[in-house]
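> This is the structure, below, for whatever I ask next.
The values are calculated or read from the model by the stated rules, or taken from the named source; none is laboratory data. All figures in this text were calculated on a predicted structure; none of them were measured in a lab. Using ideal geometry, Cβ is built from the backbone for each residue, glycine included, and neighbour counts are taken over all protein chains shown.
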Amino acid sequence: MNTKENLLEEKKQPEKMIQYLLNDQIVNRKVGKRKAPISLKEKSSQKGFAISSKFMSKLKFFLKKGFEVEAKKVARSPYHVALSYNNPMIIRGIFPDIKIDYSKAILSMGNMPLPNNILASLHKTGLRFSWDPNCDIPGCKPDDQVMLVAYFPEKGYGIELLNGEKRHKGEHLLELPASVNLTEVHTYMSFISADHGSISNSTYLGQFDWQTPLTP
């Protein structure tokens, strides 16, 4: 028999919630009692959503700007649009071996053309991003700005640059924090107009192993 104290204690317990994707929509619901076992497909979906959410949550500032134009079309938040789009694109594997394919992630979405000859390379102080500075392309202007991401999955954080060098400059040096040990870093680039009304799709520029060079 439940005592008055037990009933009060039960009322104090916070309701457990789960979050998942359903028809490209993020759904939150209470956790109820379930008799049927959770299927392998459901486990894969839940774990996949959890790890993609963790990845996306580290880049919220970039995603807010990167999906701002697209989100206005559907009256949703930029972050939720980004998460709904990326979750099925970047998740690989079957439970329990679920992982992210970082090369498939799209961190901004728009119609602005990207420049040609985009490249990222290691530099002694970080990463050097370069591109063709030609601005004679419809939809492009010399004062478009580069947007950059360097994401460190082993450390669980990303460096987000929202207002880098202008298109006509042709390069940007992104300084990275010192790292004694080799650490994995994934790189992305986008371009945005000066008035932020137009943006390009992001492009993945590869994985690098970053380590601060030893000084003599």
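> Select the strands (runs of 3 or more DSSP E) contained entirely in the range 152-204, then report the ones holding at least 3 residues which are under 24 Å from ASN117 (Cα atoms) and under 16 Å from the mean Cα position of the chain (by Cα).
157-161, 183-192
> Here is a further query. Can you tell me how many residues in the range 141-151 are over 18 Å from THR183 (Cα atoms) and either part of a strand (DSSP E or B) or free of Cβ contacts under 8 Å to residues at least 12 places away in the same chain (or both)?
4
> Go through (1) out of contact with any Leu (no Cβ under 8 Å at 6 or more places or on another chain); (2) part of a helix (DSSP H, G or I) and name the single condition LEU114 misses.
(2)
> Moving on. If the requirement is being within 12 Å of the chain's Cα centre (by Cα), surrounded by fewer than 16 Cβ atoms within 10 Å (Cβ to Cβ) and of a type in the set (Gly, Ala, Ser), which of these qualifies: SER52, SER57?
Answer to the selection: SER57.
> Still on this model: Being in contact with a Gly (Cβ under 8 Å, 6 or more places away or on another chain) and modelled with pLDDT under 95 narrows it down to one residue among ILE98, ILE94, ILE137, ILE38; which is it?
Unique residue meeting the criteria: ILE98.
> Please go through the range 117-140 and pick out each residue that is more than 23 Å from the chain's Cα centre (by Cα), surrounded by fewer than 17 Cβ atoms within 10 Å (Cβ to Cβ), outside any strand (DSSP E or B) and on the phi < 0 side of the Ramachandran plot.
LYS124, THR125, ASP132, PRO133, ASN134, CYS135, ASP136, ILE137, PRO138
> Something else now. Looking only at the range 205-215, count every residue that is outside any strand (DSSP E or B) and in contact (Cβ under 8 Å) with a residue 60 or more places away in the chain and tell me the total.
Residues flagged as outside any strand (DSSP E or B) and in contact (Cβ under 8 Å) with a residue 60 or more places away in the chain within the range 205-215 amount to 1.
> Does LEU119 satisfy the criteria of being over 17 Å from SER45 (Cβ atoms), of a type in the set (A, V, I, L, M), modelled with pLDDT of 95 or more and touching a helix residue (DSSP H, G or I) at 6+ places or on another chain (Cβ under 8 Å)?
Judged against the criteria, LEU119 is not a match.
> What pairs can you find where one residue is in the range 128-140 and among the basic types (Lys, Arg), the other is at pLDDT 95 or above, and their Cβ atoms are less than 6 Å apart, with a gap of 6+ or different chains?
Here the result reads ARG128/SER121; ARG128/LEU173, each pair linking the range 128-140 to a residue that is at pLDDT 95 or above.
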